[in-house]
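Scroll down for the structure; my scribbles are underneath it.
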């Protein structure tokens, strides 16, 4: 009599189920013929238990996501009622980091623009600082605060940020500032420098120092616009990120919000620093892959709830750099590295600004 054949279990994801069944059926025939060697069976049982535990953990996390996700509307920019939860979540926060899984995603830019508008009008934020040299942002700020200069020309040095979506943001900020006194206007600035780029390890520390000076100089409430790798509070990386330094300096007054996606197309820079589009799909065995299976395709999820089943675990989210390369998901601890995530399942490239 041979070993029994395993039937599928609902708790296994389909691909893991097939793998487990294949391994079990292979071992069941070979192990039976070698009765004296029981060690492979022990390894197999341990492996199957691991698969079962991991699959159940994914089921539990997906249930938690569906229960706690704040469903977002489409790209509508006039109605901000779907963002009302931010007022509660950001109470007592002086710095909000708005991350992004890439520098070339249309939906990221649109939603960040909507969030910025909401935070200015409802939460008292007045400074927006970009992952851009301040020398470039000075010209753009002159337009936003005083209507001076040509906006398209001022945006030429923004690289992947030279897009129609971000131009729309600057135009909206200009409209907001028109009838405001100077001390009530929104201000733009940059916390990066080309001098930092030669030393990537020290760059995040320098950027954090610049942000700290901004906050302490005027006690302004500030919004940071940067890649997720700079915004995260840094419990998994070998070298500390900007967000890690800010967490040390400002503790829970700093709120880190990741923007994430699962699949679609994205703009990056080619060797001549020109826009080029690439298709992508993140590995399904990631947190991004799991969120792609949620009932809603666009949602906000606060990570630091005590009920979050994956809060202490290392998870992976989508990570796309400015130049195209093989995807290397970003390791994070949800609730520790990021306070929340804004997830959009399918995204398209940003729209390059035509001069």
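What follows draws every value from the coordinates through simple rules; no lab data is involved. Everything numeric in this text was worked out from a predicted model, so none of it was measured. Positions of Cβ are backbone-derived with ideal geometry, glycine not excepted, and every protein chain shown enters the neighbour counts.
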Where does each of 104-114, 266-276, 287-297 land if you order them by average Cβ count within 10 Å, highest first? 104-114, 287-297, 266-276
May I ask for the distance between the Cα centers of the range 258-306 and the range 235-255, given as a whole number of Å? 23 Å
18 Å reach of a label modelled at residue 273, 7 Å along Cα-to-Cβ, counting backbone N of the range 80-111: 103-104
Rounded to the nearest Å, what's the spacing between the alpha carbon centres of the range 156-234 and the range 70-135? Just the number, please. 13 Å
Using a ≥ b ≥ c from the Cα gyration tensor of the range 78-171 (square roots of the eigenvalues), is it rounded, prolate or oblate, where a/c under 1.5 gives rounded and otherwise the larger of a/b and b/c decides, a/b for prolate? prolate
Share antiparallel - DSSP beta bridges, the range 220-355, percent rounded to 5: 65 percent
When a/c is below 1.5 the answer is rounded, else prolate if a/b is larger than b/c, else oblate, so apply that to the range 135-230 with a ≥ b ≥ c taken from the square roots of the Cα gyration tensor eigenvalues. oblate
